[in-house]
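One structure below.
The values are calculated or read from the model by the stated rules, or taken from the named source; none is laboratory data. Because the structure is a prediction, the values reported are computed rather than measured. For neighbour counting, all protein chains shown are included, and Cβ atoms are generated from backbone atoms with ideal geometry for every residue, glycine included. Just the protein is used for accessible areas: all its heavy atoms, side chains included, with ligands, DNA and RNA removed. Shrake-Rupley method; radii C 1.70, N 1.55, O 1.52, S 1.80 Å.
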Amino acid sequence: MNLHFTFSKKFILAGMMLGVFTFAKAQTTPTPPKMVPEMTEFWEPEVKVITPGTGAGTTAPSDAIVLFDGKDLSQWVSVKDPSAPAPWTVNKGVFTVKKGTGNIQTKQSFQDYQLHIEWQIPANITGKSQARGNSGIFLASIGNGDAGYELQVLDSYNNRTYANGQAGSIYKQFRPLVNAMRKPGEWNVYDVVFTAPRFKEDGSLFSPARVTVIHNGVIIQNNTMIKGPTQYIGIPDYNQPHGKAPIKLQDHGDPSEPISFRNIWIREL
């Protein structure tokens with residue numbers, strides 16, 4: 001018997017069977033379903049609720065850039081028209097979202113920084129889930145509308161929604177470690193340390209963005225690696241190289257009462 005010939009026939013036969021199997025497998029690969037918002041909403045496990053400590057808002061350190069001092073929005077512009085001033089309402093040391101006017105963003109652009117920002121859900125808030133005091137802080141605005149990396153602002157005090165969409169989440173990516181919300185009418189504080197993404201000369205990602213967030217004195221995001229610009233539908237990806245970028249605040253458009261901000265400052269790192 002010719003062992004070489006026998007082995008060759010077995011080898012060829014095995015190759016043919018593998019080819020048929022591969023072809024059959026390729027022909028039966030299922031088509032992925034169309035993406036819808038609910039596919040990236042995770043409700044479980046529910047974020048543990050804690051009670052934050054009390055205390056007044058902190059004043060800006062000497063090396064900070066004050067982005068809102070209680071007087072005007074001179075450091076902000078309209079996202080729709082960056083040549084126009086920010087159209088939101090300033091009154092008694094705070095400013096309030098003017099519904100329907102669109103997002104606003106800083107005149108200056110930033111890369112790595114420490115940000116302090118205080119925000120208030122109105123005491124008379126109505127609605128539920130995502131339609132209750134919804135806004136957002138885009139840690140880097142990389143385009144019009146809601147393009148960028150969103151730290152969620154929402155009334156999450158006795159208001160259940162998907163965990164990666166509640167206050168303190170990196171929207172649709174990472175739930176907060178705990179729910180440190182104060183009740184409507186009281187002021188919430190975010191202290192944020194943001195490290196911007198870096199890109200290679202060819203536009204590919206070198207290192208992703210990272211963020212640490214302290215909410216009312218409690219760490220809720222601990223050096224979290226952001227997966228890319230936040231998406232309402234679909235999977236985030238770093239497909240838009242950029243450098244320094246403005247910080248953006250969201251006019252969400254939900255029907256609930258508008259929220260307010262105060263005491264905003266930033267330190268470039």
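Of note:
- Residue check, THR212 of a type outside the set (Phe, Trp, Tyr) and touching a residue at least 40 places away in the same chain (Cβ under 8 Å): no
- Condition check for GLY145: surrounded by fewer than 23 Cβ atoms within 10 Å (Cβ to Cβ) and over 14 Å from the mean Cα position of the chain (by Cα): no
- VAL94 falls short on exactly one of the conditions (1) out of contact with any strand residue (DSSP E or B) (no Cβ under 9 Å at 6 or more places or on another chain); (2) surrounded by fewer than 19 Cβ atoms within 10 Å (Cβ to Cβ), and that condition is (1).
- Members of segment 105-123 that are among the aromatic types (Phe, Trp, Tyr) and more than 23 Å from ASN91 (Cβ to Cβ): PHE110, TYR113
- Members of segment 222-250 that are charged (D, E, K, R), touching a residue at least 60 places away in the same chain (Cβ under 8 Å) and open to solvent by 20 Å² or more (accessible area, probe 1.4 Å): LYS244
- Filtered by the rule that a residue be in a loop (DSSP other than H, G, I, E, B) and among the charged types (D, E, K, R), segment 158-210 gives ARG160, LYS172, ARG175, ARG182, LYS183, GLU186, LYS200, GLU201, ASP202.
- Qualifying residue in segment 63-79 (condition: in contact with a Phe, Trp or Tyr (Cβ under 6 Å, 6 or more places away or on another chain), touching a residue at least 40 places away in the same chain (Cβ under 8 Å) and surrounded by fewer than 19 Cβ atoms within 10 Å (Cβ to Cβ)): yes
- Yes/no for VAL211 being open to solvent by 10 Å² or more (accessible area, probe 1.4 Å) and aliphatic (A, V, I, L, M): no
- If you check LYS107, LYS128 for being within 14 Å of ALA86 (Cβ to Cβ) and either over 15 Å from the mean Cα position of the chain (by Cα) or at pLDDT below 95 (or both), only one passes: LYS107.
- Residues considered: PRO61, PRO87. Of these, the only one that is assigned to a loop (DSSP other than H, G, I, E, B) and touching a Leu at 6+ places or on another chain (Cβ under 9 Å) is PRO87.
- Which listed residue, of VAL36, VAL49, VAL94, VAL77, is closer than 19 Å to PRO184 by Cα, within 21 Å of the chain's Cα centre (by Cα) and among the hydrophobic types (A, V, I, L, M, F, W, C): VAL49
- Members of segment 251-269 that are part of a strand (DSSP E or B) and either touching a Cys at 6+ places or on another chain (Cβ under 7 Å) or surrounded by 16 or more Cβ atoms within 10 Å (Cβ to Cβ) (or both): SER260, PHE261, ARG262, ASN263, ILE264, TRP265, ILE266, ARG267
- Filtered by the rule that a residue be open to solvent by 40 Å² or more (accessible area, probe 1.4 Å) and assigned to a loop (DSSP other than H, G, I, E, B), segment 97-131 gives LYS98, LYS99, GLY100, LYS107, GLN108, SER109, GLN111, ALA123, ASN124, THR126, GLY127, LYS128.
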